[in-house]
1. Output ³J(HN,Hα) for the stretch A:30-42: one whole-Hz value per residue in order, computed from phi by the Karplus curve 6.51 cos²θ - 1.76 cosθ + 1.60 with θ = phi - 60°, and x for Gly and Pro.
2. Ratio to report: Rg/Rh of the stretch B:445-496, with Cα atoms as the point set and Rh obtained by the Kirkwood method; give two decimals.
3. Only Cα pairs within less than 10 Å get springs; with that Gaussian network setup on chain A, which residue of A:GLY235, A:GLY261, A:GLY295 has the largest fluctuation?
4. Report the full-extension gain for the segment B:GLN104 to B:GLU442: residue separation times 0.36 nm, less the Cα-Cα distance, to one decimal in nm.
5. How high is the FRET efficiency between B:LYS210 and B:TRP41 when r is their beta carbon distance and R₀ equals 60 Å, given to the nearest 0.05?
6. If you bin the C-alpha pair distances of the stretch A:70-155 every 10 Å from 0, what whole percents do you get?
7. For the stretch B:145-224 and the stretch A:1-80, what is the separation of their Cα centres, given in Å?
8. Given the C-alpha centroids of the stretch B:335-404 and the stretch A:234-299, what is the distance between them in whole angstrom?
Amino acid sequence: MASWLSSAAAFVSSLFSTSRQLNLNGVMGMNKRNGAYISRYNPRSKYPLVDDKLKTKIIAQQHGATVPILIGVIEHQAEVKRIHKLVQKWQSFVIKPARGSGGKGILVISAHNNGVYEKPSGQVITSKDVERHISNALAGLFSLGGKNDVAVIENLIKFDDVAFSGFSFEGVPDIRVIVFKGYPVMAMMRCSTAVSEGKANLHQGAVGVGLDLATGKAVRAVQFNQPITHHPDTGRLLSELVVPNWQALLELAASAWEMTGLGYMGTDMVLDKDEGPMVLELNARPGLTIQIANGEGLLPRLQNIERLATPIKYPEPAERVAYARQHFAAQPRL
Amino acid sequence: MPHEPGINEPSRLPFYVLILLLLIIGVALSVIRNQDYGVPWTPSESRQVWDIEARIEFTAVGGPVKVSFAVPNSQAGFTLVDNSASSAGYGLSYLNSRSSRRAQWSIRDARGAQTLYYKTQFLVDQYAQQKLSTAIPPLLQNLPTPTFGPAHKGAVAALSEQALKRSADNVTFTRELIKQLNDLDNQNAALMLNDFSKVEALTKLLAYAKIHSKTVGVIELEDGRRRQSIIPMIEVWEGDAWHLFNPESNEQNALNNVLVWDDSNVSLLDVIGGKNSKVSYSMIAQDITPISATKKKAAADSLLNFSIHSLPLEEQAMFKTIMLIPIGALIVVFIRILIGLKTSGTFMPVLIAVAFVQTQLLPGIIGFLLIVGTGLVIRGYLSKLNLLLVARISAVIIAVILIISVFTIVSFNMGLTQGLTITFFPMIILSWTIERMSILWEEEGAKEVLLQGGGSLFAAVLIYLAMTNPSIQHITFNFIGSQFIVLAAILLMGNYTGYRLLELKRFKSLAEG
Ligand SMILES: Nc1ncnc2c1ncn2[C@@H]1O[C@H](COP(=O)(O)OP(=O)(O)O)[C@@H](O)[C@H]1O
Ligand SMILES: [Mg+2]
């Protein structure tokens, strides 16, 4: 009885010391994110801009950002069969629900021929399967609140396979940059693995590689919250990862502040082989795993930005990126 | 340039003031319920009601009959909650005078043995007060001056003198008199009791000392007693109330089991047109839950009463569940904000828990797993059919209804009546749960389904345990104020920005110094 009590007490005190240590390291929890950043810096009225990928695409284009080419939009059930004609001239494409999130409802087709569609994994599906996927998306199955939705069909990004070969398995790696009041504060690359089935979703087993804001070089890599050194499928040494075009990519991410007016956001970027950095989507409620991938808490950086005085003329994206690269540099730990 | 939100952060002060206000309102309302309405804090304090029946028997001589009977009212320690009279063929009316109530039966023609019944129900209630109307101070000129024969004069003087010496006020004076009257060795007392009953003797002695008193008829409450007759006792005026004394006993503090039936000081029963009249009483006590006790009191109270108990029974039953929903919400908020457990659908666990309340826990869990499991299998087949979502959900709903019917019929035929309650599950919600879980399965694998399904079930069981806890049921149903406190707690938790319990594990690798 007494030993049971004392081990329970030891457990509780270890919880408290973990909590204290996390706090010291500036690790941000979900409640803090929601209460102190999202609800404070993200005006609700701006949400529709980022919750709808179609709208995001349009405003991003208006602000001169590159985005994956829009092949078409399917809005009504009656148009579902149009998909086959729509993609005729495109060798590979992606179907996504405009209001989806977390990779839900994203269908990547790497090749198709006469109503036979092929996924990046080599799995073949029929035209009926594609139609069903679209009508599910229209009915709101993948979308916030289950509301009716539209299906966005866009060109498949050809990711930079020179810079990234061996870092991602059967999927486009994307780069997540947390942008706070227009300043990039933390970044990571998400590389799909066999376990994650070609999706760059970390909780499904994708590899998260923390990136040094100063250089775009890998800092640390994790899979399932555990540090790793090599890509589990390709065996590639992850410390060799360097994102090219780093300044341009960060500037594009930083400019999302001007596009949306959201104070705290996650920008998902991809590096296209030909067209360079592109905005894939913007997120008003970005996840917290980026801290694990970087081995650092977000709070010190966020507070650094919060402490900055607001000049009459707000700094341009390039100035903000320069500030971030100077102040948020990291020591590689791989 | 986008404007800069977050610069003019409103002060948190009004928020905390609001929470404080809610807490104060909640506590105040609850204390008022407890103090003024006598609602106890815990459900275990069960309370008693006495059903007392007076049976009036007489022989009618033929011709018109008029019966006037003193009936009791609320008094210190007892609240009258119900009364009724039954008497075939008699007309009944009540006469309420300032100091007493009487029931009056009348009939044009009656002959032979007659029986009339008068039933009352009293709630044992420590908060009940003597009715103000019966506590009117008596007038000095109404005090009769007793006359004593020469044989008694000396005894009266001696008894009074000794009582006066040993007393401080009317109450203690009366007590001393009773002590002497009950003293078998007291010569003076024996002299008085030769000619008078103790009640008569006491009345005369009190009048001699210029103290107001009256004879009242009481009944001693004893569970299951029948054919009891009324006992005369004395009430003495002291200060601003009447105090009851039993002239037969020196122990005056054991009077809480005594109900004053007749304090009219006139007569208990008057029968015109009959003879051989007598009254007898029978009584039973029953322990009731505080809820019905409060209900009875609320019904009896003429005060404006903002209580659920003033609603008809059916609405009350509904509110019983409704008042528990905030507790469910509180637990969901706790689980999500403080623990960080995922549930499928924010408040789905609350609805499942409400269903568990009807089905009981184990049959509920088994039923839930059976329905969702079978539903997932059927949904797996439906997904091959290429249906539109709305049609598919509708098909799942019908499948769920069929599953429920089959389980009900099978379990009924196997003699398991518990199976019947499975119909309480919210079918539409279950269908959506099945649909969501099925997608989750396809997209994220069985593990995530087990995780979220398990989380929801865990939350539902917790909520069920809270909702079926007698203390929680008692508090939420009887104290509206508790809802304000729950609201304050939910608002406070919404303000918590610390780590969730599960995040401590998630961020463990970041906790190294
Ligand atoms: N046009 C595209 N070309 C190639 N891959 C894409 C494309 N769009 C999305 N993806 C893949 O799907 C993932 C999720 O897409 P995203 O647009 O961010 O939607 P979500 O809101 O569901 O995260 C991306 O990380 C990427 O791996
Ligand atoms: Mg994304």
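1. Listing the rounded values in order: 4, 5, 5, 4, 5, x, 9, 10, 4, 6, 8, 9, 10 Hz.
2. Ratio of gyration radius to Kirkwood radius: 1.16.
3. So, out of A:GLY235, A:GLY261, A:GLY295, the one fluctuating most is A:GLY235.
4. Details: separation 338, 0.36 × 338 = 121.68 nm, distance 8.04 nm.
So the chain would gain 113.6 nm between B:GLN104 and B:GLU442.
5. Numbers: r = 47 Å, r/R0 = 0.78.
The pair B:LYS210/B:TRP41 has a calculated efficiency of 0.80.
6. 20, 55, 24, 1
7. 87
8. Result: 38 Å between the Cα centres.
The values are calculated or read from the model by the stated rules, or taken from the named source; none is laboratory data. Just so it is clear, the structure is predicted and the values come from calculations on it, not from any experiment. Please note: Cβ atoms are built from the backbone with ideal geometry, for glycine as well, and neighbour counts cover all protein chains shown. When the accessible area is computed, the model is the full protein with side chains, heavy atoms only, and any ligands, DNA or RNA have been set aside. Shrake-Rupley method; radii C 1.70, N 1.55, O 1.52, S 1.80 Å.
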